Amino acid sequence: MTTSRRIELLAPAKNAEIGKEAILHGADAVYIGAPRFGARSAAGNSLDDLAGLIDLAHRFDARVYITFNTLLYDHELGEAERLIGQLYRIGADALIVQDMGIMRLDIPPIALHASTQTDNRTPAKVEFLERCGFSQVVLARELSLDEIRAISSTVQVPLEVFVHGALCVSYSGQCYLSQAMCGRSANRGECAQYCRLPYTLVDGRGRIVARGKHLLSLRDLNQSDRLEELLDAGVSSLKIEGRLKEMAYVKNCTAYYRQALDRIFERRPEYRRSSTGASTIDFTPRLEKSFNRGFTHYFLDGRTAAPIASPDTPKSLGEYVGEVKQTDRNSFVVAGTTALHNGDGLCYVNPRGEFEGVRVNRAEGNRIFPATHVSIAPHTTLYRNLDFEFEKQLTRPTADRRVGVSLRLYAVPDGFALDLTDECGLRVTVREDTPHQPARTPQQENQRKQLGKLGTSIYTATHIDLDIDENLFIPASTLSKLRQQGVEWLDRARRLAYRPERRQPEDRSARFPQSSLNYLGNVSNHLAETFYREHGVTHIDPAFESRPIKGVPLMFTRHCIRHMLGYCKKTPAGKELPEPLTLLYKGERLTLHFDCKACEMTLQREEQQGNQA
């Protein structure tokens, strides 16, 4: 008999309130930052808030993962050790980590997940992490289905992939551009997002190839139509990006992916959700209505002709609504079928190639009266990046999550008993002594009604069995007491039955795939160095943050500007683009280097007088 594989929908949370809504909208797990060390300096949360989120999540057998994925300096190790102990005590299910120094701290047996910042691209790397005791590994976003299959066929550890949201243009953990340019480390949660800036590209002859374009800014990931393929490739955890996103984004995206996965599970019994309880959603989720820069499958099918970049703007495009049909002094008419509302936000690219936005003051059918004067030409393509009515709807309660429970009422000597069995088969029994009294009228309809009043609990009655004589009268107070006691005992039993995962033992004989680590190894403390040396690494350079180096690549990416602009050397086209290619921004010069065999691009800063690496 084949056992079904547990599949996890993993949602982001900027704070505990958003995390709770993610759970209610169907997430099997939530990832969220602790007070420190969470790779998002603006997304820390107190231990009390985290404890409240953990308590709610565990009631549905959902999990809470703490992002602990910054590089640590030696002077921070003690604080990190204490904080991990506190997180374990409040019930956190796992830490998502980058720094291997954590493996040498004196910490409780909390499960560890390997962050995508540990650069998990190869079977050898993932196998090493598995042998070191990691319970889950977050794969690089750049991997294709074939590459994911190759890793899955090599290891048993659950694999996690991003399926939605913003994309880092660099391999995660391998970008030092922000650190080099302004001293803000992406590996320390302080990325200044230089990849989203407008650059001018010049070729080797000094000719301007593109001016003021966001050449490093990628579209947003959307694998909602490829989930089944990912599951079949061996993925067990499907992750939505967005730990800085607002409530409406998390509600909308979580609900959409929950419904998409449930439809797959109905057809594919070999897969099942990893938590309990079903969510009732009170709106129609639509991914295009939340922040997005346009969507891409990225490299899921390898490199294709489909665009992956968003060179016109790093801001949200939203959803396509149509084209401008005609204009006058105070309004314009949209040719399209999308209903627009007062307060909507529209955006477009003007004839100069600049991204502009306008708020709708009044919509009369397809005639739009903007809040401010705009000069917009006929045939301009319009997008809506703020649907006022949709956003307003999401400010209200929009989901309810319930665990299915069956109830059986039956007579016992001197009273009555009630069995409650949840959807996992966990059963409790409560009894109440009361005399058996004959009934004057039929009672079963009222008895079912009384027992089914579970509205203030997390349960919903899926079946009520009345295994008693129809002529017995049971006071409503007795039924109410049985129901309330049963819910209390079932809550207690579910809490006792919850089993958090514990960290797996580390195989000290496992050998790291490389014997030498340069700055790309991100070793920033003595415990991380100890870990790698104990696993066979003989040469270790300090992390770039610890000792900045001039003249080295600062970004490693599969995004290729040559390919994006139609100058790929692998395609039989006649276009020539003399190298070196250079990106210019406010006096800074970034030289592009291309490894066409590996189909990768790197960026290197041209050091100038007065610049500090």
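At-a-glance table
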{"quantity": "Selected residue [of a type in the set (D, E, K, R), more than 26 Å from the chain's Cα centre (by Cα) and modelled with pLDDT of 95 or more] from R384, R359, R396, R402", "calculated": "R359"}
{"quantity": "Evaluation of R352 against (1) in contact (Cβ under 8 Å) with a residue 12 or more places away in the chain; (2) of a type in the set (D, E, K, R); (3) surrounded by fewer than 14 Cβ atoms within 10 Å (Cβ to Cβ); (4) farther than 30 Å from V405 by Cα (one fails), failing number", "calculated": "(1)"}
{"quantity": "Test: E423 is crowded, with 16+ Cβ neighbours inside 10 Å, within 36 Å of the chain's Cα centre (by Cα) and at pLDDT 95 or above", "calculated": "yes"}
{"quantity": "Matching residues, region 308-328, being within 18 Å of I368 (Cβ to Cβ), in a strand (DSSP E or B) and in contact (Cβ under 8 Å) with a residue 60 or more places away in the chain", "calculated": "E319, Y320, V321, G322"}
{"quantity": "Restricting region 270-313 to residues that are among the β-branched types (V, I, T) and more than 22 Å from G353 (Cα to Cα), the residue that is modelled with the lowest pLDDT", "calculated": "T304"}
{"quantity": "Single condition E79 does not satisfy, out of (1) assigned to a helix (DSSP H, G or I); (2) within 29 Å of D491 (Cβ to Cβ)", "calculated": "(2)"}
{"quantity": "Answer residue from region 378-400, given it is in a strand (DSSP E or B) and hydroxyl-bearing (S, T, Y) and is surrounded by the most Cβ atoms within 10 Å (Cβ to Cβ) among those", "calculated": "Y383"}
{"quantity": "Test: H593 is surrounded by fewer than 14 Cβ atoms within 10 Å (Cβ to Cβ) and closer than 24 Å to L71 by Cβ", "calculated": "no"}
{"quantity": "Hey, L554 at pLDDT 95 or above, closer than 19 Å to C182 by Cβ and not in a loop (DSSP other than H, G, I, E, B) or not", "calculated": "yes"}
{"quantity": "Qualifying positions in region 90-143 - over 28 Å from M555 (Cβ atoms), in contact with a Ser or Thr (Cβ under 9 Å, 6 or more places away or on another chain) and of a type in the set (A, V, I, L, M, F, W, C)", "calculated": "A94, A111"}
{"quantity": "Condition check for D507: out of contact with any Cys (no Cβ under 9 Å at 6 or more places or on another chain) and of a type in the set (D, E)", "calculated": "no"}
{"quantity": "Hey, S274 surrounded by fewer than 20 Cβ atoms within 10 Å (Cβ to Cβ) and either at positive phi or within 18 Å of the chain's Cα centre (by Cα) (or both) or not", "calculated": "yes"}
{"quantity": "Considering residues of region 256-271 that are farther than 21 Å from H58 by Cβ and in contact with a His (Cβ under 9 Å, 6 or more places away or on another chain) only, the residue surrounded by the most Cβ atoms within 10 Å (Cβ to Cβ)", "calculated": "Y257"}
{"quantity": "Options A493, A528: the member that is touching an Asp or Glu at 6+ places or on another chain (Cβ under 8 Å) and farther than 27 Å from P198 by Cα", "calculated": "A528"}
{"quantity": "From L340, L346, residue being touching a strand residue (DSSP E or B) at 6+ places or on another chain (Cβ under 9 Å), buried (at least 21 other Cβ atoms within 10 Å of the Cβ) and in a strand (DSSP E or B)", "calculated": "L346"}
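Table: residues versus (1) more than 30 Å from S457 (Cα to Cα); (2) in a strand (DSSP E or B).
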{"residue": "L53", "(1), (2)": "no, no"}
{"residue": "H75", "(1), (2)": "yes, no"}
{"residue": "G91", "(1), (2)": "no, no"}
{"residue": "P108", "(1), (2)": "yes, no"}
{"residue": "L112", "(1), (2)": "yes, yes"}
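The values are calculated or read from the model by the stated rules, or taken from the named source; none is laboratory data. Remember, it's a predicted structure, so these values are computed and weren't measured experimentally. Using ideal geometry, Cβ is built from the backbone for each residue, glycine included, and neighbour counts are taken over all protein chains shown.
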